[in-house]
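Here's the structure, in structure tokens; my notes come after.
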Amino acid sequence: MSANLYFHVGILVEDLEVAMTRFSAVLGFTFNDPITAEFGCLADPEPHEAFVRCTYSREGPPYIELLEANGDGLFSLAHGEGVHHLGFWEPDLEARCATLASLEVGPQGRVVSPEGATFAYFNRPADLHGTRFEFLADSSRADTEHWIRTGEFVGPTDL
């Protein structure tokens, strides 16, 4: 099973507005208005409610996703500012999770929908030479690509 489509670099930052201003000045990129994505179940490793404020650059691919640090889990500032993950669209996330498990690549975090399906999967960086990947369910692709392209977010912000 090969990776489907690499489309973004996620960068963890302490202050989203400061980072948007800085990246825009340095790269000339335009960032969309941030959203707050709320997760009814983020398992990192214990399941709990969580959120992340984020935005994408309009320039790309690959796009730059800026994520504002919060909490003490997957999005914690304890990970340090900087590259947090490389993001891929995945048409069959359950199969991807099974493949990763068979290769001894474990989860650092999983966003699980109310129906119990995995919506996003982040591996443990130690399992891949210090690199974290995000595999994101294709079901959100059209809404996310619309947001990136137009700046208008039309999809749900809660899972």
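The values are calculated or read from the model by the stated rules, or taken from the named source; none is laboratory data. Please read all numbers here as calculations on a predicted model, not as lab measurements. As a convention, Cβ positions derive from the backbone with ideal geometry for all residues, glycine included, and neighbour counts pool all protein chains shown.
Here is a yes/no grid of residues against (1) buried (at least 20 other Cβ atoms within 10 Å of the Cβ); (2) at positive phi; (3) hydroxyl-bearing (Ser, Thr, Tyr):
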residue	(1), (2), (3)
VAL9	no, no, no
GLU14	no, no, no
GLY28	no, yes, no
PRO34	no, no, no
ARG53	no, no, no
SER57	yes, no, yes
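Within region 130-149, is even one residue without any contact (Cβ under 8 Å) to a residue 12 or more places away in the chain, among the acidic types (Asp, Glu), surrounded by fewer than 21 Cβ atoms within 10 Å (Cβ to Cβ) and not in a loop (DSSP other than H, G, I, E, B)?
Yes: one or more hits.
Name every residue in region 40-68 that is under 19 Å from PHE88 (Cα atoms), touching an Asp or Glu at 6+ places or on another chain (Cβ under 7 Å) and among the aromatic types (Phe, Trp, Tyr), in order of residue number.
Matches in region 40-68: TYR56 only.
Output the number of residues of region 132-159 satisfying the condition of being touching a helix residue (DSSP H, G or I) at 6+ places or on another chain (Cβ under 7 Å) and under 19 Å from PHE39 (Cα atoms).
Going through region 132-159 one residue at a time, the tally reaches 5.
Looking for something farther than 29 Å from GLY106 by Cβ, over 15 Å from the mean Cα position of the chain (by Cα) and of a type in the set (Ser, Thr, Tyr) - is there at least one such residue anywhere in region 25-37?
Just the residues of region 25-37 that are farther than 29 Å from GLY106 by Cβ, to begin with: 25-34.
Remaining after also requiring over 15 Å from the mean Cα position of the chain (by Cα): 25-33.
Filter once more, keeping what is of a type in the set (Ser, Thr, Tyr): 30.
So far as region 25-37 goes, yes, one or more of its residues are farther than 29 Å from GLY106 by Cβ, over 15 Å from the mean Cα position of the chain (by Cα) and of a type in the set (Ser, Thr, Tyr).
Tell me, please, whether a residue that is free of Cβ contacts under 8 Å to residues at least 24 places away in the same chain, out of contact with any Cys (no Cβ under 8 Å at 6 or more places or on another chain) and not in a loop (DSSP other than H, G, I, E, B) can be found in region 77-99.
Looking through region 77-99, at least one residue is free of Cβ contacts under 8 Å to residues at least 24 places away in the same chain, out of contact with any Cys (no Cβ under 8 Å at 6 or more places or on another chain) and not in a loop (DSSP other than H, G, I, E, B).
Identify the residue in region 61-72 that is modelled with pLDDT of 95 or more and over 20 Å from PHE39 (Cα atoms) and, among all such residues, is surrounded by the fewest Cβ atoms within 10 Å (Cβ to Cβ).
Step by step, filter region 61-72, then rank; the result is PRO62.
For region 91-107, which residues satisfy the criterion of being surrounded by 12 or more Cβ atoms within 10 Å (Cβ to Cβ) and in contact with a helix residue (DSSP H, G or I) (Cβ under 7 Å, 6 or more places away or on another chain)?
PRO91, VAL105, GLY106, listed by residue number.
Would a scan of region 106-116 turn up a residue that is in contact (Cβ under 8 Å) with a residue 12 or more places away in the chain and part of a helix (DSSP H, G or I)? Write out each step before concluding.
Of the residues in region 106-116, the ones in contact (Cβ under 8 Å) with a residue 12 or more places away in the chain are 106-114.
Checking the rest, the ones that are also part of a helix (DSSP H, G or I) come to none.
No, region 106-116 contains no residue that is in contact (Cβ under 8 Å) with a residue 12 or more places away in the chain and part of a helix (DSSP H, G or I).
Looking at (1) at pLDDT below 95; (2) not in a strand (DSSP E or B), which one does PHE119 not meet, given that it meets all the others?
(2)
From the list PHE23, PHE75, PHE88, pick out the single residue that is more than 22 Å from GLU152 (Cα to Cα), surrounded by 16 or more Cβ atoms within 10 Å (Cβ to Cβ) and at pLDDT 95 or above. Walk me through it before giving the result.
Details: PHE23 fails: more than 22 Å from GLU152 (Cα to Cα); PHE88 fails: more than 22 Å from GLU152 (Cα to Cα).
Matching residue, one of PHE23, PHE75, PHE88: PHE75.
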